[in-house]
Amino acid sequence: MERWHRQRGFSQIGYHKVIEGDGSVVDGRPETIQGAHARGANHASLGVCVVGNFETEVPSATQIDALVSVLTDWCNTYKLDENSIYGHFNVPGGTTRTACPGRNLKNQLPDVKQKVADRLKSG
């Protein structure tokens, strides 16, 4: 993923976290460095990439669990709630036109947001 971003002129990976197919979470850019994941909204957002083609594949349960964990951690760290979570396709102020994260992950975003909300409430 790092090489893909460098080949397109980025100095490093554009995302702050990457969730691999097995659910492992890999650090990308430090959270203190502006990302390059949502043109027009990078200055005010953090980016997480879930690896896969979710137009044709379904994210694994371990990927979803990891995504919920990353998002919950960020919400706790930055004093946000689940309403601050967006897919790549609908980041406020973003100008990136994309099908990302793909329909099979996009359809799960309401459930992901609910799981984050539940974790935030449970402390």
Where T56 falls short, out of the listed (1) outside any loop (DSSP other than H, G, I, E, B); (2) loosely packed, with under 15 Cβ neighbours inside 10 Å: (1)
If D65 meets every condition in (1) closer than 19 Å to H37 by Cβ; (2) out of contact with any Ser or Thr (no Cβ under 9 Å at 6 or more places or on another chain) apart from one, which number is that one? (1)
Return the residues of the stretch 59-71 that are buried (at least 19 other Cβ atoms within 10 Å of the Cβ) and not aliphatic (A, V, I, L, M); say none if nothing qualifies. P59, Q63
Residue set V116, V112; condition out of contact with any Ser or Thr (no Cβ under 9 Å at 6 or more places or on another chain), part of a helix (DSSP H, G or I) and crowded, with 18+ Cβ neighbours inside 10 Å; output residue V112
Kindly evaluate N83 against the criterion of being at pLDDT 90 or above and closer than 30 Å to S122 by Cα. yes
Out of the residues in the stretch 19-41 that are at pLDDT 85 or above and buried (at least 19 other Cβ atoms within 10 Å of the Cβ), state the one that is nearest to N104 (Cα to Cα). I19
Please determine whether any residue of the stretch 91-104 is part of a helix (DSSP H, G or I), without any contact (Cβ under 8 Å) to a residue 60 or more places away in the chain and within 13 Å of the chain's Cα centre (by Cα). no
So is L46 within 14 Å of the chain's Cα centre (by Cα) and either crowded, with 19+ Cβ neighbours inside 10 Å or at pLDDT 95 or above (or both) or not? yes
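The values are calculated or read from the model by the stated rules, or taken from the named source; none is laboratory data. Quantities reported herein were computed from a predicted structural model and do not represent experimental measurements. Don't worry about glycine lacking a Cβ; one is built from the backbone with ideal geometry, like all the others, and counts go over all protein chains shown.
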